[in-house]
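**Q** One structure is given below, represented as C-alpha cells, and several questions about it will come after.
Bear in mind that the values in this text are calculations on the coordinates, not laboratory data. No experiment lies behind these values; they were computed from the predicted model shown. Positions of Cβ are backbone-derived with ideal geometry, glycine not excepted, and every protein chain shown enters the neighbour counts.
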Amino acid sequence: MSSKAAARIVGASALGLYSGLVLAAADPHQLNLPEPQSIIAQQIYDQHTMLLWICLAIFIGVFGTMFYSVLKHRKSLDYPAANFHHSTTVEIIWTIIPIFILVGMAYPATKTVIAMKDTSSPDITIKATGYQWKWGYDYLTGEGEGISFLSNLSTPKAQIENAEPKGENYLLEVDNRLVVPVGKKVRVLLTANDVIHAWWVPAFGVKQDAIPGFIRDAWFTAEKPGTYRGQCAELCGKEHGFMPIVVEAVTPEKYAQWVGEQKTKLAATTVDVNKEFTMDELKAEGEKVYAANCVACHQANGKGVPGTFAALDGSKIATGAKGEHINIVMNGKTGTAMAAFKHLSDVQIAAVVTYERNSWGNATGDLVQPSEINQLRK
Amino acid sequence: MAAVDHDIGHDDHEHHPTGLSRWLNATNHKDIGTMYLWFSFIMFLSGGVMALTIRAELFQPGLQIVQPEFFNQLTTMHGLVMVFGAIMPAFVGFANWQVPLMVGAPDMAFARMNNWSFWLLPPAALLLMSSFFVPGGAPAGGWTIYPPLSVQMGMGMDMAIFALHIMGASSIMGSINIITTILNLRAPGMTLMKMPLFVWTWLITAYLLVMVMPVLAGAVTMLLTDRNFGTNFFNAAGGGDPVMFQHIFWFFGHPEVYIMILPAFGIVSEIIPTFARKPLFGYSSMVYATASIAILSCIVWAHHMFTAGMPVTGQLFFMYATMMIAVPTGVKVFNWTATMWRGSMTFETPMLFAIGFIFLFTIGGLSGVICAIVPIDIQVQDTYYVIAHFHYVLVSGALFSIFGGVYYWLPKWTGHMYDETLGKWHFWLSMFFFNLAFFVQHFLGLAGMPRRIPDYALQFADFNMISSIGAFGFGFTQLLFLYVVLKCIRGGVKAPAKPWEGAKTLEWTLPSPAPYHSFTTPPIVK
C-alpha cells in the first residue's frame with residue numbers, strides 16, 4: 001500500500017473527525033476545501049491539512065489517555081482511587097509544549113497573511129460593488145479598462161420555488177460572469193452601495209467584505225482556465241442567499257477577444273440621451289428593469305410585502321409628483337430597505353419610473369425621458 | 001426583644017410567603033434560582049422551535065416552508081434568544097442556587113436586587129418575542145445586528161434593542177450580587193483559594209459581565225440613535241463607520257463567549273472530582289487558567305472580523321492573541337484528564353454529561369484554533385464551519401454542562417433522586433443527535449456553504465438533510481429532559497444529604513432538599 005493511500009485510510013477513519021481527502025468540486029460529499037486554484041488558496045489548503053494532522057494527534061493523545069482511564073480506572077473494577085492532586089513539573093510541561101506547537105502553526109500562517117495583503121503592482125484592477133442583491137463590476141485599469149456590467153443570479157424563480165427541476169449550477173449561476181485572464185495578478189477593489197456584502201471565491205482563497213463608503217482590496221491570480229463559483233458571505237438582507245459570484249478564468253488570447261466583444265457591445269448600446277422614447281418603448285424596457293431590480297421587494301404585482309416592503313400599486317410616491325418618484329429611485333430612502341439605484345443608466349431609470357407610474361392600477365400617463373434623468377445627475 | 005424573636009422566627013424554614021407572592025416578591029436565593037432556571041428552559045424551547053423551523057427549511061434545497069425574510073428573522077432571533085434568554089440566565093440560576101450553598105452563606109448579599117434582576121427578564125423577553133408581530137417583523141440582520149443592515153429593519157429592531165438594554169441591566173445587577181456574595185459572605189476559614197471552582201469561575205465571569213455589558217448597551221444605543229434620531233455613528237455617508245460597530249460589538253461579544261463557557265468549566269470541575277473520587281488535579285492552575293482566559297478574551301475581539309479588512313499588523317496581533325487562548329484552555333482539559341486518571345470512577349448521568357462536555361468541547365476548541373489562523377479563517381468565516389464550531393462550544397459545551405449540573409444538584413434541590421435510566425437515555429440521545437446535526441456542518445462549511453442562507457446549491461443537499469434529522473432528534477430529546485426533571489420534582493427515591501459518594505463541597509453538608517434559608521449558622525471551613 002502506498003503511503004498516500006495509507007494516509008487516506010487513516011484520515012478517513014480517524015473517528016471520522018476530519019479528512020485529508022481531495023475531492024472534485026461540486027461533489028455532494030465533498031469533505032474538504034475546494035481544490036485550490038491560486039497560490040494563496042494552495043497555501044491555505046496545505047496549512048489546513050497540516051493543522052488537521054496536529055489536531056488529530058492531540059485529540060488521540062488526550063482522549064486516548066482519558067478513555068483508557070474511563071475503561072480501567074472504574075469503581076466497578078474495584079480500582080482504588082489515588083490521591084494525587086498536584087504536580088508543578090507536569091503543569092509547566094503541558095503549558096510549554098502547546099506554546100511551541102502554536103508557534104509552529106503561526107509561522108507559515110504569518111507568511112501567508114503578509115502575501116495575502118500584498119495587492120501591489122496588479123496587472124488588472126477591477127472594482128466589485130455589492131448591491132442588494134447583485135454584484136457590479138468595473139474594470140478600472142489594465143486590459144479591458146472601461147468595461148462595466150452588473151452580474152445577477154440567473155437561476156429562474158421557478159426552480160427556487162420548486163416548480164421546475166433544479167439545474168446543475170442551481171443558485172451558483174449568473175447572467176454576466178466576471179472574466180479574467182489566467183496568470184495575471186487581478187486586484188479587486190471592494191465596496192458596497194447599501195449594506196455590507198462579502199465577495200468570496202473559495203477556489204482563489206479570497207473573501208473580503210464590501211463595505212458601503214469604504215474601499216477594501218484583495219488579489220488573486222488564477223492558475224488555469226475554468227469557471228469558479230462563490231457566494232456573498234455576509235448577511236445582506238432577504239436575498240443574501242441569491243447573489244452568487246462566478247469568475248471565468250480564460251487564456252490571455254480569449255480574454256483579449258472577450259474585451260473586444262465587450263467594447264463593441266458597449267459602443268452599440270450607448271444611446272443618445274436626448275433621444276425621445278414612446279410610452280410603449282419605455283414601458284417595455286421598464287418592465288425588464290423592474291424584473292431585474294425591483295421585483296424582489298415590490299413584487300411583480302406591485303403590491304410589495306405588507307408591513308415589510310411598500311406597495312407601488314396606488315402608492316403616494318408612484319402616483320404623486322414625478323420628481324419625488326425619480327428622486328427616491330435614484331437616491332433611495334434612508335432608514336428603509338429602499339436603496340439608491342443611481343448606478344442604472346439614464347434610459348433604465350426613465351423606463352422603470354415610467355413603467356411604475358403606468359402599470360397595475362397606476363395610470364398617471366406620465367412619460368419620463370432619459371434626458372430628464374441626465375439633467376438631474378448634473 | 002422583638003428583634004431577637006424575629007431572628008429566631010427566620011430560623012424556621014417553613015416560614016415563608018406562599019402562593020403568587022412567594023414568587024413575585026421572592027427574595028430567597030433558591031426561589032429566584034428556580035425561576036431563572038425555568039425562565040431559561042422556556043426560552044430554550046422557544047429558541048429551539050426557531051432552530052427546528054430553520055432546519056426544516058434547510059432539509060431540502062429550494063424554498064418550502066418559510067420565505068427568506070422570515071428565515072432571516074428566525075436565525076437572528078434564535079441567536080438572541082439562546083444567548084441572552086437561555087444560556088446566560090441558566091448560569092445565573094445556577095449561581096443563585098449554588099453560590100450561597102457552596103460558600104456557606106444564608107442567602108445572596110442583595111436579596112431585593114436579586115428579585116429585581118430576575119423580574120426584569122420576563123418583560124425583556126416579551127418585548128423581544130413580540131417583535132415578531134409588529135410591522136416589518138422581528139430583527140432580521142443576524143444576532144450580531146451589524147449596521148447598515150440593522151438600520152433598514154422595522155420597529156422590531158428597536159424593540160430588540162430595548163430588550164437588550166433591559167437584559168443587560170439585569171445581568172449587571174446579577175453580577176454585582178454574585179461578586180458581593182462571594183467576596184463578603186464566605187464561611188469563616190474559606191479563603192479565596194479554598195473556594196470551590198464553580199464559585200471561582202462565576203466570580204471571574206461576573207467581573208467580565210460588569211465590564212462588557214455596558215459596552216453592548218453603548219453600541220446598541222448608538223444604533224438606536226442612528227435609526228431614529230439621524231445620528232451617523234455607523235453611517236459612512238455622514239462621517240461614521242459601519243466597521244466601528246463591529247469593533248464595539250465584538251469587544252462585548254468575545255468576552256460574552258467566555259461568559260457562557262467559564263461557569264460551564266466550573267460545573268464540570270465540580271462533577272469530575274466527585275465521580276472520580278479524587279481531588280481536582282491542579283486546583284490553583286485551574287484558577288489561574290480561568291483568569292488568564294478572561295483577560296485574553298478582552299484582546300481578541302477582532303478575530304471575528306478578519307474579512308472586514310484590517311492592516312497586516314492588526315490581523316497578526318489578533319491571530320497570535322487568539323491562539324494564546326488555546327494554552328490555558330488546554331491546561332484545563334489536561335487537568336480534567338489528570339483528575340480522572342487513576343480515580344475510582346462511576347458514570348452517573350452528571351459524569352456522562354461532564355465527559356461528553358470535555359470530549360465535544362475539545363473538538364470545538366480544536367476547530368477554534370483552526371479558525372484562529374487568519375488564512376484559514378478567510379475561507380471558513382461566515383460559513384457552516386463556523387456554525388459547527390460555535391455550536392460545539394455552546395451546545396455541547398455550555399448546554400451539556402448545564403444538563404450535567406442539573407442532574408448533579410437535582411437531589412439537593414428537590415430532595416429526590418432523578419430517574420437514572422432516563423437520565424442516561426437523555427445523555428446518549430443528546431450525544432448522538434448533536435453530532436449528527438453539527439458534525440457534518442464542518443464539511444458543508446469547508447465545501448463552501450455560507451451561513452444565514454435559506455436555500456443552497458445542490459452539492460450541499462445530503463449533509464443538510466443529515467443535519468436536519470439530527471437537529472430534530474436533538475430537539476425532541478430535550479422533552480425527555482423536561483419529563484425527567486418534572487418526575488424528580490414530583491417524587492422519587494428520597495435523596496440523602498450527600499447522594500454522591502465523592503462529593504466534598506459544603507452544600508452536601510445540608511439535608512436534601514436544602515433548607516429554605518441555607519446556612520443560618522456559618523459552617524467552619526478548615
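**Q** Report ³J(HN,Hα) in whole Hz for each residue of region A:233-243, in order, from the Karplus equation J = 6.51 cos²θ - 1.76 cosθ + 1.60 where θ = phi - 60°; Gly and Pro get x.
**A** Result, rounded to whole Hz: 10, 10, 3, 9, x, 5, 9, 3, x, 10, 10.
**Q** With r as the distance between the Cβ atoms of residue A:111 and residue A:268 and R0 = 45 Å, compute the FRET efficiency 1/(1 + (r/R0)^6) and round to 0.05.
**A** With a Förster radius of 45 Å, E is 0.40.
**Q** Measure nothing but the geometry: give the 0 to 90° angle between the long axis through the Cα atoms of B:420-447 and the longest principal axis through the Cα atoms of chain B, rounded to 10°.
**A** Compared with the principal axis, the helix lies near 20 degrees.
**Q** In debye, nearest 20: dipole of region B:288-429 around its Cα centre with unit charges on the Cβ of K, R (+) and D, E (-)?
**A** 280
**Q** What distance in nm lies between label points placed 7 Å from Cα along the C-beta direction at residue A:120 and residue B:183?
**A** Result: 5.3 nm between the two label points.
**Q** Shape call for region A:232-378 from the C-alpha gyration tensor, a ≥ b ≥ c root eigenvalues: rounded (a/c under 1.5), prolate (a/b greater than b/c) or oblate?
**A** Taking the square roots of the gyration eigenvalues as a ≥ b ≥ c, region A:232-378 is oblate.
**Q** Still on this structure, I have one more. Once amide H atoms are placed 1.01 Å from N in the peptide plane, what residues at a sequence separation of 5 or more from residue A:179, or on another chain, have their amide H within under 5 Å of its amide H?
**A** A:248
**Q** Report the net charge of residues surrounding residue B:25, where surrounding means a beta-carbon distance below 14 angstrom and charges are Lys +1, Arg +1, Asp -1, Glu -1.
**A** +1
**Q** Next up: May I ask you to give the average projected area over all directions of the convex hull of the Cα atoms of chain B, in nm² rounded to one decimal?
**A** Mean shadow area of the hull around the Cα atoms is 25.1 nm².
**Q** Quick one: grab the alpha carbon gyration tensor of chain A, order the square roots of its eigenvalues as a ≥ b ≥ c, and give me rounded if a/c is under 1.5, else prolate or oblate depending on whether a/b is larger than b/c.
**A** Numbers: a/c = 2.75, a/b = 2.04, b/c = 1.35.
Verdict is prolate for chain A.
**Q** In whole Hz and in residue order, list the ³J(HN,Hα) couplings for region B:467-475 that follow from phi through the Karplus curve 6.51 cos²θ - 1.76 cosθ + 1.60, θ = phi - 60°; x for Gly and Pro.
**A** 4, 5, 4, x, 5, 5, x, 4, x
**Q** Could you work out the local net charge near residue A:325, counting Lys and Arg as +1, Asp and Glu as -1, over the other residues with Cβ closer than 14 Å to its Cβ?
**A** Residues close to residue A:325 contribute a combined charge of -1.
**Q** Just to be sure I understand the model, the point goes 7 Å from the Cα along the line to the Cβ. What's the resulting residue B:509 to residue B:24 distance in nm?
**A** Label at residue B:509, label at residue B:24, 3.9 nm between them.
**Q** In the neighborhood of residue B:269, defined by Cβ-to-Cβ distances under 13 Å, what is the net charge if each Lys or Arg adds +1 and each Asp or Glu adds -1?
**A** Overall, the nearby charge balance is +2.
**Q** Dipole size in debye (nearest 20) for chain A around its Cα centre, Lys and Arg Cβ +1, Asp and Glu Cβ -1?
**A** 940
**Q** List the extent of the Cα atoms of region B:89-130 along each of their three principal axes, largest first, rounded to whole Å.
**A** Result, largest extent first: 41, 19, 7 Å.
**Q** Next up: Suppose we keep just the alpha-carbon trace of the protein assembly as shown; what are its Rg and Dmax in angstrom?
**A** Radius of gyration, then largest Cα-Cα span, for the protein assembly as shown: 29.8, 104 Å.
**Q** Here is a follow-up. Taking amide H atoms as placed 1.01 Å from N in the peptide plane, list the residues 5 or more away in sequence, or in a different chain, whose amide H sits under 5 Å from that of residue B:109.
**A** Amide H neighbours of residue B:109, under 5 Å, 5+ apart: B:181.
**Q** Next question, about the same structure. So for region B:261-329, averaging the separation of alpha carbon pairs under 8 Å that are six or more residues apart and normalising by length, what relative contact order in percent results?
**A** Reported as a whole number, the value is 32 percent.
**Q** Using only Cα atoms, find the angle between the long axis of helix A:3-13 and the longest principal axis of chain A, and express it within 0 to 90 degrees, rounded to the nearest 10.
**A** 80
**Q** Right, next: If the reach is capped at under 28 angstrom between alpha carbons, list the lysines near residue A:254, excluding any in the same chain fewer than eight residues apart.
**A** Partners found: A:127, A:134, A:184, A:185, A:207, A:224, A:263, A:265.
**Q** For the protein assembly as shown, what is the mean residue ellipticity at 222 nm derived from helices alone (per DSSP H run of n ≥ 4: -39500 (n - 2.57); sum divided by total residues; nearest 500 deg cm²/dmol)?
**A** My calculation for the protein assembly as shown gives -18000 deg cm²/dmol from helical runs alone.
**Q** Determine the dipole magnitude for the protein assembly as shown: charges of +1 sit on the beta-carbon of Lys and Arg, -1 on that of Asp and Glu, nothing else is charged, the reference point is the Cα centre, and the result goes in debye to the nearest 20.
**A** Magnitude of the dipole: close to 1900 debye.
**Q** Let me ask something else. What list of ³J(HN,Hα) values in whole Hz, one per residue of region B:71-88 in order, does the Karplus curve 6.51 cos²θ - 1.76 cosθ + 1.60 (θ = phi - 60°) give from phi, with Gly and Pro shown as x?
**A** Result, rounded to whole Hz: 4, 5, 5, 5, 5, 4, 6, 4, x, 4, 5, 5, 6, 8, x, 9, 5, 4.
**Q** Please determine, in degrees from 0 to 90 and to the nearest 10, the orientation of helix B:400-414 with respect to the longest principal axis defined by the Cα atoms of chain B, where the helix direction is its Cα long axis.
**A** Taking the Cα atoms of chain B, the angle to B:400-414 is about 30 degrees.
**Q** Please state, rounded to one decimal and in Å, the Kirkwood hydrodynamic radius that region A:30-187 gives when every pair of distinct Cα atoms enters the mean of 1/r.
**A** 21.8
**Q** Among A:125, A:155, A:264, whose mean-square fluctuation peaks in a Gaussian network model of chain A (Cα, cutoff 10 Å)?
**A** A:264
**Q** What spacing in nm lies between the two simple spin-label points modelled at residue A:27 and residue A:74, each 7 Å away from Cα in the Cβ direction?
**A** My value for the distance between the label points is 3.9 nm.
**Q** Nearest 0.05, what FRET efficiency do residue B:229 and residue A:321 give at R0 = 22 Å with Cβ-Cβ as r?
**A** About 0.20, to the nearest 0.05.
**Q** Taking the Cα centroid of region A:91-136 and of region B:75-152, what is the distance between the two, rounded to the nearest whole Å?
**A** Between the Cα centre of region A:91-136 and that of region B:75-152, the gap is 36 Å.
**Q** While we're on this one: Mind giving me the FRET efficiency for residue B:237 and residue B:65? R0 is 51 Å, r the Cβ-Cβ distance, nearest 0.05 is fine.
**A** 0.85
**Q** Out of residues 5 or more away from residue A:135 or on other chains, whose amide H comes under 5 Å of its own, with H placed 1.01 Å from N in the peptide plane?
**A** Here A:151 satisfy the definition.
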